[in-house]
Structures are given as C-alpha cells and as structure tokens.
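J.: Dumping the structure here so I can ask a few things about it.
The values are calculated or read from the model by the stated rules, or taken from the named source; none is laboratory data. These numbers were taken from a predicted model, which means no experiment stands behind them. As a convention, Cβ positions derive from the backbone with ideal geometry for all residues, glycine included, and neighbour counts pool all protein chains shown. Side chains included, ligands, DNA and RNA excluded: accessible areas come from the protein's heavy atoms. Shrake-Rupley method; radii C 1.70, N 1.55, O 1.52, S 1.80 Å.
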Amino acid sequence: FEAEHQKSQRAPAPEEPQNMIQARILRAAALLTVAAFTGVADLQLVSAQDAEIRAGTYDNGKMWTFDYPPVEFFQSEYGIEADEEWFERARLGALRLPNCTASFVSPNGLVMTNHHCARDAIAQVSQEGEHLLDRGFYTSSLDDERPAPMLWLDQLIAIDNVTEEVYAAMEGAQTIAERASARDEAISAIQERKLNEAGGEGSGHVVQVVSLYSGGRYSAYTFRRYSDVRIVMAPEIAMGHFGGDHDNFTYPRYALDMSFLRVYENGEPYQTDNFFKWSVEGAQEGDPVFVLGNPGSTNRLESVAQLEYRRDHSDRLILQFFRNRLAALRAAYKATGDDQVRTTMLRASNAEKLFTGRVKGLNDKNIMGRRADSERQFLAAIAADPELQAEYGTLIDDLAALQPQKAEYSDEFAVFIYPTPTWTSNVLERALTAHAMLRRAADGASDEEIGPMRSQLTSIVDGPASLDRSYLVGRIELAQQHLGDEPAVAGYMAGRSAAEVADDILANSVLASAERTAAAVEDGTLTMEDPAVSRVEALAELRANFQSAFVGLGAQEAELASKRGRAQYDVYGLSIPPDATFSLRIADGVVKGYDYNGTEAPPYTTFYGLYDHYYSYRGSDISEEWDLPERWRNPPAEFDLTTPVNFVSTNDIIGGNSGSPVVNKDLEVVGLVFDGNIESLPSAYIFTTDVNRAVSVDARGILESLDSMYDMDRLVLELTTGRLVRTEAEADAAMMSQ
C-alpha cells in the first residue's frame, strides 16, 4: 500500500490519466479491507506488467455452444465421431428448468434433474402433514405422479444466427440509449417473427434471442415448452443434501442429489425419441465425459480492471450481504422449522459460500496474473492489426476508466442491494410499494392507475415474525454502517440502534402485518408519516441518485462490454467460447481426481464412505448434517456398498449446470452434475483444470439406490430398458421374467 501511495504522489504521465492513478490507489486501499474481511492474509497486488504468470489455453472456458459446435476439436481430442447428428441428439435430449438443467432419460418423458432443483416444487406440492422434503416422495404407479404447476421444461429445437439483423437495426444510432433502444426493438421483432413461424402463442413454443460474446453475436433460440410436468421420485432431503452446508462446494462427497420428473401430453406420458440411454457400467477414471447444461453466468471476458472492481467492491459487498441474510434465516428456521424458510436458508448458504470462494479467487495472484497475461496477449493482437487498433485500441483503458466512477457508489450499492422479496422484510417490501403509490397519488395519478400498486401492496403476505425483524434490522444496520454520516440516515436514526428503529417500525407502522395493511388501504389512513414509509422517504433521494448514476454507468459499461465481445470474436473467432448466458452448452472433460489438503481426492466415492461419515459424526454438534433417514440406517443385504455414489471430472460448469446430465461418447448417462468443489468457485472469472472439478452423482449409485434401497423397480426397468409399466407390481413381474 505504501508503494502504491508513493507512486500516486508523482504527476500523472501523459499516457496515464489521473483516473487510472485513482483506480490504482482505490485498489490498494481496498485490498487491506478485503484481507481483513476474508481472512486471507497473504494477498498481493497483481501488476499488469507481471511477466512470471502466463495465461492458459482454456482460461476462457470450454462451454461450447450448439450454434458453433466443436466438431473437429472433439474428434481430434477424443477420437469420437461427433458429427452434426451427434450434436443434434445431445441438444434435443437436454432440457432447461426455470432455475436449472434437466434431461430426458427414457422414451416415456421421464426427466432427471437434481433434488435441489426440484426442492421448491416438492415443498409446494406437499399436502397437509406430508413433509415430503423430509420423508421423500416415491410413486408406485403412474397415477401417483403428482403435478408440479410451478415447473416447466424448455427443449431447444432450433437455432438461427440473427447477428446481422440486430447490427443492421443499430446502424445510424448515435448514442448509447439509441443503440440500446434499436437493439431491443430488433430483438423483440425477431422473437415475435420466430414465434409466429413456430405457430404463434399457444403453440407450446417460446423464442429467446441470446447474446453471445457480450453482443458480438446474436442467436434466436426456439424452444418447445413442456408445461405438464409431474414429480415421480425424490429422495429424502437428508440424502439429497447429505453433508448439508458443511459439505456444500466440497469433495469427497456422498450426496444423492437427484430427482425424477415426467412430462405429460394429453394426460399420458410424453413419447419421444430424444432421450439419453442409461449406462449401467458408468464411466472409468480417464474416460472423456460431456456435460450438457445451461450454465448461468460467467464474466471471463471482463477486463482486469473490472475484475479488480469486483474484488474490492461489488463481490465483497455481496458476500457481506449474504452473511447478514444467512444469520437471520438460520435464527428464523431454528425458531419456526418452516420448510420455506429452510429452502431460502439453503439458497443463502449456497450464495454465501459461492461469494466467499469468488472473493478469495479474485485475490489469488496466479488467477489475476493469468487474467492480466491474457489481456496483454489480447491487446498485442489488436495492436498488430491497424484496423483492429483503430476500432478497439482504447477499449481496455475505457473500461478501466469506468471502475473508479462505479467505486464512488460502493456505499449505496451495499445499502440498496437485492431489494427483492426473498431478501427483504415484508414490512420494508410493503413500504417500498406504499411509498411509490403515495408519490404517484400526490402527483395526481388516477385510482385506475394506482389500482395495480394497491393490489400489489395488499398481496404481500406475512412471513415468520422473527425473520421479518431480523431482515429489517439487517437493512437498517447496512444503512447505518455505509451511510451513517448522511443527514437523511442520521435523521431517522436519531441516536437509536438499528434494533430500536426496527422495533419502532414494527410496533407503529400499519404495514407491519398484512391485515393492518389491508385495513389502512381500505380506509385511506396510509400516509407518508407512517414509520416504515417515512424511512423509505428519508432514503428516497439517495436511492434515486444512486440508481440513476449506476444505471448510466452500467449502460456505458454494457456498451463497452459489447464492443469487447466483438473484439474477442474478431481476434480469436470461435476458438474461445462465449461467456455463459443460461443457454445450452456442451462442456468436455475427463473423470479425474486431484491433489488437495496434502492428499489426493479420489475420482469416485462409494456408499462405504457415506456410512463412514454417518458413523464418524454421530454425537457431534453438527451430526444432523450427515444424519441418515431411517430406511438408510440398516441397508438391505443386497445393497452393494462398493457402488460409486459421486465422482469428479474436469468439465467446465457453473451455477445453472445443476441437473445437467453427464454423458459418455455414446451419449449414455454416466452421471448427474450437482455441484463444483470449493476450488471451482473462481470459475466465474477463469477456467482451470488443475484442481477445479465438477461433482456429479454417479449413474451407478442412482440405479443401486432405486433398486435396492427404494425398491422402485418401475423406474429401474424404465431407465435400463426404456419400458414403461403403470404399477410397481407390473414392474416386479417384468423384472422377474427377464
């Protein structure tokens, strides 16, 4: 820090703008905060001139698109005939859930995904007293398969390159706003046209224009949407989430994170030729395997300066936020035992560990050094071509110059982050809606115009009181911590603690409960003087200024990011895949263990290890994380404990890949992705294969569990032969006759 401070005292060189020096000083100062916050004591500033660390060939990943499938690479790398037909079969067997990935695994519409991907749906369809998350859901006949109205599945059936059409629409646009508007209008028109070509609304199709290379390319994806989805089987949450929060993002693992759904059409199981057959033998160490899924989002095309902003500001503050939310959720679940609170708590726990890993990765000298070297190579390639230099020569500097401007709003970012119902107290959510409604009314809006806001306000239901209070206290603490010197914040705090302010709001605001809110709206007594509304009003100007400034900076950055994507494509073509966009990708890799913690992680774990964990942790304070359901505590004699249950591979995955099938070269299922190891968390910014691993449920473990532990011969028969029978009795008879 002292070295950077001394550098800042000199006058800026002509080629080094003042804001670049400011950015360096901000990074140096923030580094000390990050070190204290994350507990990483040996952090080092990474110089863009560091010549010791070199970029890897696949630092930008191996999430190949089906727009430009890597036919030749797969053939040369793995010796497989991955022709057009092979990629089409792979594409049509994969599916996308609203939050995850899935796949067809039988000709009868049977679908495989993770337990945690279907967890919310399982909780929703639980009837009075069932507690399906705890005891699992098992069907003995087709008639028992239960509709899940909140689920749908999308199958990518057509891809059209519409890049030139989108670019043509933006020609002549002079400003960022004009270009964005022209682009959005073009995309809407393309989606409407393609949907009409597919049969229009009501045809069971949806169309999405996907941006690749941050706008370097555009593709229109046409999906067939399956809306009649039913739950077939889900194990107990103790098995689906075995190891709990302690094992999340770790390996070796022993989780049975699986569930099975079924698509129906006209009241009967959907018949399809596009499914992945089941591999009884599974995959062996060193075998090539392929993950088909919808990775959510990566930022591998971001500049070093953008990654440093994430390290020092945004990602660090997001981590702080989720630690705050997680503490509140844990306390609320302990007090209530509410299943919905538990599922939200698991999401928060997942996010907290995710951002812990990302912040740590962004402070890793090797990772940031490789990113810096990749950027140097990119700039050298641009400089070597006069046309590219004229078009993109200042691009990286332009991106760097934006980061100090964004950093100026870090305090506001921390306070106003994630204002969504999942992470906001009910009373504050109502206050935000009420404030907007009262403002509109004061500006002369009609009752008809205010009606939807009034309905939205009165539709917010009550949650656990302890969680609501903890969420509210947490929000007030963030404002006090980051904006405590602002007159608006100091004014409503009036020397009180966050807990005192929250208790005052909950005691005196009509928005503290759904019942009181409805009454106040009905009799017209809701005013700006309400304690909850007045708090929102106090911060309204700060919030509006922050949103306006940040939206403007975001628009500039998005425009530069699009230019960065085009430059990447112009320099490297299709040799580097685009960032993840929650669109279908295929990622290649091999089954392989890795060195960790002074030893070696095996490529596979077995059910022996699962029982070892159960017995090893018994009696400890955290034993419930490795507890087993009753049926699992005394396995039947035929249950083969040597069967692999989880395995690791070098495939490139990230959030959104949950539920992705892992297939072999013959497109047979050998596994089911459910997690990455802790070393994989920086993969949002860089892909490596030394210790970064995808963690999957082994197809052999799934089959052994269904057969010996759950006695679901109906599913075993269908997975291994494709044959559908209506009842378990029919399945037993069929298997006896084999």
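J.: Output yes when any residue across the stretch 311-331 is assigned to a helix (DSSP H, G or I), open to solvent by less than 10 Å² (accessible area, probe 1.4 Å) and of a type in the set (K, R), and no when none is.
T.: Yes, the stretch 311-331 contains a residue that is assigned to a helix (DSSP H, G or I), open to solvent by less than 10 Å² (accessible area, probe 1.4 Å) and of a type in the set (K, R).
J.: For the condition surrounded by 21 or more Cβ atoms within 10 Å (Cβ to Cβ) and either more than 28 Å from E557 (Cα to Cα) or among the aliphatic types (A, V, I, L, M) (or both), what is the one hit in L438, L399? Break it down stepwise before answering.
T.: Details: L438 fails: surrounded by 21 or more Cβ atoms within 10 Å (Cβ to Cβ).
From the options L438, L399, the qualifying one is L399.
J.: Going residue by residue through the stretch 554-561, is there one that turns out to be surrounded by fewer than 18 Cβ atoms within 10 Å (Cβ to Cβ) and more than 30 Å from Y392 (Cα to Cα)?
T.: Scanning the stretch 554-561, I find no residue that is surrounded by fewer than 18 Cβ atoms within 10 Å (Cβ to Cβ) and more than 30 Å from Y392 (Cα to Cα), so the answer is no.
J.: Right, something else. Return the total of residues in the stretch 199-226 being touching a residue at least 24 places away in the same chain (Cβ under 8 Å) and open to solvent by less than 30 Å² (accessible area, probe 1.4 Å).
T.: Adding up the residues that qualify gives 13.
J.: If you scan the stretch 220-277, which residues turn out to be assigned to a strand (DSSP E or B), over 30 Å from A189 (Cα atoms) and of a type in the set (S, T, Y)?
T.: Within the stretch 220-277, S259, Y264 qualify.
J.: Restricting the first residue to the stretch 500-517 and requiring it to be under 17 Å from G474 (Cβ atoms), which pairs with a second residue that is open to solvent by less than 40 Å² (accessible area, probe 1.4 Å) and of a type in the set (F, W, Y) meet a Cβ separation below 9 Å and a spacing of at least six or different chains?
T.: If the second residue must be open to solvent by less than 40 Å² (accessible area, probe 1.4 Å) and of a type in the set (F, W, Y), the pairs left are V501/Y492.
J.: Among the residues of the stretch 132-180, count how many are touching a residue at least 60 places away in the same chain (Cβ under 8 Å) and either over 15 Å from Q208 (Cβ atoms) or among the small types (G, A, S) (or both).
T.: Of the residues in that region, 22 qualify.
J.: Kindly provide the set of residues from the stretch 521-539 that are of a type in the set (G, A, S) and either at pLDDT below 95 or open to solvent by 30 Å² or more (accessible area, probe 1.4 Å) (or both), ordered by number.
T.: Matches in the stretch 521-539: G524, S534, A538.
J.: Would you point out which residue out of S314, S279, S303 is out of contact with any Pro (no Cβ under 9 Å at 6 or more places or on another chain) and within 19 Å of S103 (Cα to Cα)?
T.: So the residue among S314, S279, S303 that is out of contact with any Pro (no Cβ under 9 Å at 6 or more places or on another chain) and within 19 Å of S103 (Cα to Cα) is S279.
J.: In the stretch 447-458, is there at least one residue being free of Cβ contacts under 8 Å to residues at least 12 places away in the same chain, open to solvent by less than 80 Å² (accessible area, probe 1.4 Å) and not in a helix (DSSP H, G or I)?
T.: Scanning the stretch 447-458, I find no residue that is free of Cβ contacts under 8 Å to residues at least 12 places away in the same chain, open to solvent by less than 80 Å² (accessible area, probe 1.4 Å) and not in a helix (DSSP H, G or I), so the answer is no.
J.: Kindly evaluate P464 against the criterion of being under 27 Å from the mean Cα position of the chain (by Cα) and either of a type outside the set (D, E) or at negative phi (or both).
T.: yes
J.: Condition first: under 30 Å from D67 (Cβ atoms) and of a type in the set (D, E). Now tell me which residues in the stretch 113-169 satisfy that.
T.: Across the stretch 113-169, the qualifying residues are D154, D160, E164, E165.
J.: Also: Hey, among N350, N363, which residue is crowded, with 21+ Cβ neighbours inside 10 Å, in contact (Cβ under 8 Å) with a residue 40 or more places away in the chain and of a type in the set (S, T, N, Q)?
T.: Of N350, N363, the one residue that is crowded, with 21+ Cβ neighbours inside 10 Å, in contact (Cβ under 8 Å) with a residue 40 or more places away in the chain and of a type in the set (S, T, N, Q) is N363.
J.: From A121, A102, A94, A90, grab the single residue that is over 21 Å from W278 (Cβ atoms), touching a residue at least 12 places away in the same chain (Cβ under 8 Å) and buried (at least 17 other Cβ atoms within 10 Å of the Cβ).
T.: Going through A121, A102, A94, A90 in turn, just one is over 21 Å from W278 (Cβ atoms), touching a residue at least 12 places away in the same chain (Cβ under 8 Å) and buried (at least 17 other Cβ atoms within 10 Å of the Cβ): A121.
J.: Can you find a residue in the stretch 427-436 that is of a type in the set (D, E, K, R), assigned to a helix (DSSP H, G or I) and over 25 Å from A502 (Cβ atoms)?
T.: No, the stretch 427-436 contains no residue that is of a type in the set (D, E, K, R), assigned to a helix (DSSP H, G or I) and over 25 Å from A502 (Cβ atoms).
J.: Here is a list: S620, S583, S616. Which entry is of a type in the set (S, T, N, Q), modelled with pLDDT of 95 or more and surrounded by fewer than 17 Cβ atoms within 10 Å (Cβ to Cβ)?
T.: Numbers: S620 fails: modelled with pLDDT of 95 or more; S583 fails: surrounded by fewer than 17 Cβ atoms within 10 Å (Cβ to Cβ).
The unique qualifying residue is S616.
J.: Tell me which residues, restricted to the stretch 701-719, are out of contact with any strand residue (DSSP E or B) (no Cβ under 9 Å at 6 or more places or on another chain) and either within 18 Å of T606 (Cα to Cα) or among the β-branched types (V, I, T) (or both).
T.: D707, S708, M709, V716
J.: Could you figure out which of (1) among the small types (G, A, S); (2) open to solvent by 30 Å² or more (accessible area, probe 1.4 Å); (3) part of a loop (DSSP other than H, G, I, E, B) isn't true of S188?
T.: S188 satisfies all of (1) among the small types (G, A, S); (2) open to solvent by 30 Å² or more (accessible area, probe 1.4 Å); (3) part of a loop (DSSP other than H, G, I, E, B) except (3).
J.: Now, a different point. So, of the residues in the stretch 547-591 that are assigned to a strand (DSSP E or B) and among the small types (G, A, S), which turns out to be nearest to Q306 (Cα to Cα)?
T.: Once the filter is applied, the top-ranked residue is A587.
J.: Give me a count of the residues in the stretch 144-185 that are open to solvent by less than 70 Å² (accessible area, probe 1.4 Å), in a loop (DSSP other than H, G, I, E, B) and of a type in the set (A, V, I, L, M).
T.: 4
J.: Okay, moving on. Using the structure shown, decide if I122 is on the phi < 0 side of the Ramachandran plot and at pLDDT 95 or above.
T.: no
J.: Could you tell me which numbered condition P531 fails, if it satisfies all but one of (1) out of contact with any Asp or Glu (no Cβ under 7 Å at 6 or more places or on another chain); (2) without any contact (Cβ under 8 Å) to a residue 60 or more places away in the chain?
T.: (1)
J.: Next up: Sort through A123, A55 and tell me the only one that's of a type in the set (G, A, S) and over 30 Å from G216 (Cβ atoms). Give the steps one after another, and end with the answer.
T.: Numbers: A55 fails: over 30 Å from G216 (Cβ atoms).
Just one listed residue meets the conditions, A123.
J.: Another question, if that's okay. From V289, V304, which residue is open to solvent by 10 Å² or more (accessible area, probe 1.4 Å), hydrophobic (A, V, I, L, M, F, W, C) and touching a residue at least 60 places away in the same chain (Cβ under 8 Å)?
T.: Values: V289 fails: open to solvent by 10 Å² or more (accessible area, probe 1.4 Å).
One residue alone meets the criteria, V304.
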